[in-house]
């Protein structure tokens, strides 16, 4: 046997089999094994380990000049004598000489075991070396000086090279060397990580940061001047055999208790977030709260969930953990078994309130987002992401409301700083839906949550934040007394030692006391504990919590330490079977884990999430992190690969729900191909359960892992996700990159062309969009994919509608609809009928527009497509706007806006806001219009939609004009005219020119006003467009009327009425509006109703084009 861990396992196995084999056989075998192990444990053969160490470099100054004046033999004798004295100082302070390099030395603290205050010892050794060298100078008269540099950090320790030289390697070593090079003669420089451990113990000067080789950023440096008078540092800590009362958190517990009383009394939601750094007692506070709740006469229903760092990329991981707690779901359950447990659990919980059919529907919805049902079936084709999120929210709200019918509900969610974004968003939205439900929601988090969720707790009221401060000195002392209550008399030195070092951290208090027990400062007895105060002075207790935890791990037997290191690979939670390479190791692993439980390093979990394995968890996340940091990277790779394989085996058909975690393990194992394929599965699963951000992250990870040749299908999916998120530039880049790849399958090329065309439409690049969609339609036709063809033709028709090519658009859309009906493609039918309605509306064919939109609305409601239903409602508002039914249009559009916001459809929201600006403007509600415009402008900037931005400037110009702010109005119009989109939308350009005409009239510039009106009317005359002529004709009428050309002005008004089919139904409104505008502009010319009616009857006989011709002629003559 050549592997150290193998020998250690063999020794343990033989000890276990001693009763069977007998002492003689076991002792003979152990003797040989222990001899091998002794050799392997020697420094020359020590295996590589990762440690937190402190490294010192010292270099003599003046040695070169001295060597030139002395013989080589004399130099050698002198240097040996000098280094012997300096090395003695290093060893006296617990350091280990790593090597001598000419006139320099490297020493290490922290190995083979971590000690109390390794950084402090290294600094004291440095001061001692400088003092010793001063004495040597005084004794010998030799002018030698020394530079010393010190740094603390993680290193790999073991043998290196053919010579098997024992040393430390890592960035921390390099930085210590740089500190020595930068130190002044006779000076000692330390880096920041050493400074954190020793500040307060020494007089330290903070120097300006410096640039060192190999570091991008400037490095903070500090100069050690001298040691301060020595004082004891203070720690605190708890012990396995003692159950202590909660100390120093009474006020916080009272806040939690009163929240439950408010929820019960007011039948309302109460939300609290408990905030505290690691070890501050968040879990203990909630444990006491739960104990108090269980003692209340009125029963409270409890739901709990907790997340780990490994689950941060898994969508809805927090929700899944809550369900696992509530319904005893095992991760090893098949989909069918887990779904049955979920459905039966919800039925038993609230079936009498909601009924079996509704429970089944809600269970199906909830099961889908946590991976308990297949997310690729045809039923999901209609379920867009925003619709799915709303369905999940509705189901959870109904379940919780029903659950709280007779008793309040307490929901406790721990460690949400590691929660995935989908879960955080879901529970935040749930708060808003459960405002009138007797529920207490308690979140536990570290402050780092607010780095990515800075507004957490600011949106929903009431939301109470409870920040856990450090324990006061008196509270820490009380906790220490409580934990050491079996000590007959606690000395002030012991109490002070614990309290001051712990710095108010309850977990640190407990770990320090356990370490004092490990070092036999505290000696537990059957009834009375004793304390050896003399050993307290000599004890070696690290000055940081991480140092304490590492020292505890170092002190474990080799097998236990190995098990905890391997367990840390899985995360805070782990399973015994995952630590076994062979079935015959199970008993040994179980013994090791039980021993770790006895030491209170880990705890068993009452119900395992994998049915055939026992589950454990580290006592604290910090302990897991320290154990993980001590695992060599080459071992990590192997263990991560093993963890991934175990998860795949155990999760069975639910593996897709764990895809992100499996991919993470393969990534850490540097198995790039496997990691990439599992990241693809993770992205697909996230897409299916409406978690766009998680899907985006997973697909990006897959791109990093896999070769370029495999990128195109991933880029297609990633582009679709970006499109859903409203990030058109990123989506376009994905499609372009994929299309530039060689040797892509024709079907994939067609899909990329189609989706790229849709993105180009969002960017208002209509000509390019048409080209892409036509190529895609041709390809789908050749491939015989009717469903894809119908959808593509529908999108092509939509672009043509936006280009005002209405006749061509109508032909293509009817062809697309026929194909969709034949293919029984409901989503395509919905999309196409919606676009047909839009096309008719743009042509002022309001009855036909309403027909198509109402047909879309009915079908979307029938199949449950909420997003398409919302678009239909929005389109009804647009039709009402075109019909000048402003109140009805406003009602429809506000309804659609609320739904789009619930669905998180930002494109739909932007469209509604734009329409509301126009509606409010026409109703002369200018303050409302400005409010909608400001919301719209913010959203337009986020979406990067050129059309929306251009329309936004146009709307802003109208508002400024209505308020008399002509300079601002012209500024917006000029900016709109310079935008690229205006060249693509000729009718919008006409609208801007007409607006400029009115603006010029208001500024008394009739010449330019006439020019703008004439250009716009001439363009309208050259097209088949029937809209936008009304304003132009009205402008001509006002201009001619103001110039005193009364007959022509009246004639133009009559032509206006004849040319606009709407005006014939609202003659008096037209007349009144013209009279008002004319009077407003000239304050002298008025029109009487009789003259107007005569003009109306005559103008009624003219066609729209004739009306435009006459208006142009009137303007030219004027």
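The values are calculated or read from the model by the stated rules, or taken from the named source; none is laboratory data. Only a predicted model underlies this, so the values are computations on that prediction, with no experimental measurement involved. Note that we place each Cβ from the backbone using ideal geometry, even for glycine, and neighbour counts take in every protein chain shown.
On inspection, residue 434 fails the criterion of being free of Cβ contacts under 8 Å to residues at least 12 places away in the same chain and either crowded, with 18+ Cβ neighbours inside 10 Å or in the same structural domain as residue 261 (by TED's automatic domain parsing) (or both). Of all residue pairs spaced 6 or more apart or on separate chains, those with beta-carbon atoms under 9 Å, a first member in segment 861-890 that is on the phi > 0 side of the Ramachandran plot and a second member that is in a helix (DSSP H, G or I) are 864/382; 864/387; 864/391; 884/922; 884/1069.
Residue count for segment 883-922 under the criterion of being outside any helix (DSSP H, G or I) and modelled with pLDDT of 85 or more: the result is 1.
All told, residue 611 falls short of being farther than 30 Å from residue 506 by Cβ and under 25 Å from the mean Cα position of the chain (by Cα). Among all residues of segment 138-147, there is at least one that is modelled with pLDDT of 85 or more, surrounded by fewer than 21 Cβ atoms within 10 Å (Cβ to Cβ) and not in a strand (DSSP E or B). Of the conditions (1) within 26 Å of residue 514 (Cβ to Cβ); (2) not in a loop (DSSP other than H, G, I, E, B), residue 606 clears all except one; give me its number. In the conditions (1) within 26 Å of residue 514 (Cβ to Cβ); (2) not in a loop (DSSP other than H, G, I, E, B), residue 606 misses (2) alone. The residues on offer are 860, 841, 847, 831, and the sole one that is over 20 Å from residue 790 (Cβ atoms) and touching a helix residue (DSSP H, G or I) at 6+ places or on another chain (Cβ under 7 Å) is 841.
Number of residues in segment 451-479 that are assigned by TED's automatic domain parsing to the domain that holds residue 270 and over 30 Å from residue 260 (Cβ atoms): the value is 1. Residue 606 meets all of the listed conditions (1) in the same structural domain as residue 588 (by TED's automatic domain parsing); (2) buried (at least 19 other Cβ atoms within 10 Å of the Cβ) but one, namely (2). With respect to residue 154, determine if the residue is touching a helix residue (DSSP H, G or I) at 6+ places or on another chain (Cβ under 9 Å), modelled with pLDDT of 80 or more and closer than 30 Å to residue 499 by Cα. In short, yes.
Answer yes or no: is there a residue in segment 221-238 that is modelled with pLDDT of 80 or more, assigned to a helix (DSSP H, G or I) and over 30 Å from residue 484 (Cα atoms). No - not one qualifying residue is present in segment 221-238. Quick one: in segment 195-218, which of the residues that are crowded, with 17+ Cβ neighbours inside 10 Å and not in a helix (DSSP H, G or I) is modelled with the lowest pLDDT? Here the residue is 201.
Can you confirm whether segment 334-343 contains a residue that is surrounded by fewer than 17 Cβ atoms within 10 Å (Cβ to Cβ), in contact with a helix residue (DSSP H, G or I) (Cβ under 8 Å, 6 or more places away or on another chain) and either part of a helix (DSSP H, G or I) or free of Cβ contacts under 8 Å to residues at least 12 places away in the same chain (or both)? No, because not a single residue in segment 334-343 is surrounded by fewer than 17 Cβ atoms within 10 Å (Cβ to Cβ), in contact with a helix residue (DSSP H, G or I) (Cβ under 8 Å, 6 or more places away or on another chain) and either part of a helix (DSSP H, G or I) or free of Cβ contacts under 8 Å to residues at least 12 places away in the same chain (or both). Just wondering, is there one or more residues in segment 688-695 that are more than 17 Å from the chain's Cα centre (by Cα) and surrounded by fewer than 20 Cβ atoms within 10 Å (Cβ to Cβ)? No: zero hits.
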